[in-house]
């Protein structure tokens, strides 16, 4: 990132290879709709390119990129509130590519994983943007509380509070849907399958 910030365009492919998967996943969790996530990701990468001179030498580029992604998302959200348009199904992000299937698991396990992913995606979409982003940064992107606070432009205590609210929301929703509490390995098990 240091070289790219100084104008070395030759390192863009490597930088893109390293940043793109995590930035795209973050955009997907922010936007909750596939089309919106794609647009957010493209705008984010463009803004990273345009803002590369503002990158602080030696800083971790991932929180910087996440902050840009969140800014892009909030700009798009404000624009959409002024000019609403249909973005399609509320569950389109949870389709196909969101479930990482593995042939080593049974079809039943794949269905349970899909059900859990769909439920988590739905419940994340119901949260406030601030709580959802705090949760995603800490639990899915595995940033430190300090890094998440920098992305969100707030204090570590506020990030802890927002992430805790999100976690409690998810825990309540999962329990209500028949999933047991997470075990030592952090996995959830289904108690009963609802029709």
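Among the residues of segment 112-119, is there at least one that is part of a helix (DSSP H, G or I), modelled with pLDDT under 90 and assigned by TED's automatic domain parsing to the domain that holds residue 10?
Step one: filter segment 112-119 for residues part of a helix (DSSP H, G or I), giving 112-119.
With modelled with pLDDT under 90 added as a condition, the list becomes 112-119.
From the residues that got through so far, the ones that are assigned by TED's automatic domain parsing to the domain that holds residue 10 too are none.
No - not one qualifying residue is present in segment 112-119.
Out of curiosity, is residue 92 buried (at least 16 other Cβ atoms within 10 Å of the Cβ) and either at pLDDT below 70 or at positive phi (or both)?
Considered against the rule, which asks whether it is buried (at least 16 other Cβ atoms within 10 Å of the Cβ) and either at pLDDT below 70 or at positive phi (or both), residue 92 comes out as yes.
Within the group 47, 17, 25, which residue is on the phi < 0 side of the Ramachandran plot and in contact (Cβ under 8 Å) with a residue 40 or more places away in the chain?
Matching residue, one of 47, 17, 25: 25.
The values are calculated or read from the model by the stated rules, or taken from the named source; none is laboratory data. Worth saying up front: this structure is predicted, and the values here are computed from it rather than measured. Every residue, glycine among them, receives a Cβ derived from its backbone with ideal geometry; neighbour counts consider all protein chains shown.
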